[in-house]
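To start, the structure itself, in structure tokens.
The values are calculated or read from the model by the stated rules, or taken from the named source; none is laboratory data. Keep in mind that what you see is a predicted model, and the values were worked out from it rather than measured. Heads up, the Cβs are rebuilt from the backbone with ideal geometry, glycines too, and the neighbour counts pull from every protein chain shown. Only protein heavy atoms, including side chains, enter the accessible area calculation; ligands, DNA and RNA are left aside. Shrake-Rupley method; radii C 1.70, N 1.55, O 1.52, S 1.80 Å.
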Amino acid sequence: MGTTQFIFDKAVALKLTRYFVLAFGISYGFHLLPNLLASPGIKWIFTVGFGPFLSAILVSYWSKTPLRLRLFSKTGWVRQMEFIGLGLFLVGTLLANILAGKTNYCLIIFWTLYALFYALLEELGWRVFLGNELSKYSFLTIVLLSAVLWFVWHYSFPNRLTLANPLRFIGMIVAGSAGLAEFYRKTKSWLIVALAHALVNVNPPSLPTLLIFLAITIGFLKFHEFKNKKEAMTRVP
């Protein structure tokens, strides 16, 4: 695995530049549009999600490096993680809302699915596209670069999170970039990183569900690594 390279080649640098300029520009453009629909959250899909989503698709198309997206992985153990994580996300988020006293179940279900949908849009750019393009570079390079770009991109639609306490927000961005980059690096799962992101953003956020999700995901990763190491040792003559 070539994961120790630090100097970018021109092709990668050009792709990353195009990606960021487009992601920022598309999100900024959508942010300037008036809210044409009754729910402000619908505009959030366009502002937050479609910037990195459309940018990743366009840059991949122009550079003839298709993303080959799959919601569920072909790898058996990763697919198990995805189904367990999806079930945990849906049940945990619904219960968190109900326990918070919300009784409009149709609205709860809608916003739960919405949270996942827009996380999928956003993570296509920040984890899938960047993770693929930076796969030959060090993990530290992936985290630092994605954190900087992700943080600056948020200023295309400034809100209270970015403006109230920028230092705290950048800390959250760095931590999120590290965790999500590691999940994608180990699983190559678009759904896993989107679920982790959505669990942080759902309203109300369910800390127990997030902790259980992280424990299961990390447990699966460690078990798979242990199993692979054990199988490799048995093959040694």
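Counting only heavy atoms of the protein chains, get the accessible area per residue of the chain (1.4 Å probe) and round it to a whole Å² value.
Per-residue accessible area for the chain comes out at 55 Å².
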According to a simple spin-label model (label point 7 Å from Cα along Cα-to-Cβ), what is the distance in nm between Leu107 and Asn159?
1.8
What is the ratio of the Cα radius of gyration of the chain to 2.2 N^0.38 Å, with N the residue count, to two decimals?
1.06
What FRET efficiency comes out for Lys227 versus Ser135 if R0 is 25 angstrom and r is the Cβ-Cβ distance? Round to the nearest 0.05.
0.65
Once phi for every residue in region 189-196 is put through the Karplus expression 6.51 cos²θ - 1.76 cosθ + 1.60 (θ = phi - 60°), the whole-Hz ³J(HN,Hα) values, with Gly and Pro written as x, are 10, 5, 5, 4, 5, 5, 5, 4
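For Leu32 and Asp9 in one chain, what is 0.36 nm times their gap in residues minus the Cα-Cα distance, to one decimal in nm?
In short, 4.8 nm is gained.
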Take the alpha carbon atoms of region 48-86, find their center, do the same for region 163-218, and report the distance between the two centers in whole angstrom.
17
Checking the table Lys74/Lys102; Lys136/Lys227; Lys188/Lys229; Lys64/Lys227; Lys188/Lys230; Lys15/Lys227 against a 28 Å threshold on Cα-Cα, which pairs fail?
Lys74/Lys102; Lys64/Lys227; Lys15/Lys227
I need the shape label for region 121-180. Rule: rounded when a/c is under 1.5, else prolate if a/b > b/c, else oblate, with a, b, c from the alpha carbon gyration tensor.
prolate
In nanometres, the difference between 0.36 nm per residue of separation and the alpha-carbon distance of Phe117 and Asn201 is 29.1 nm
Stretch gain in nm, segment Ile218-Trp77, where the contour uses 0.36 nm per residue and the Cα spacing is subtracted
49.5 nm
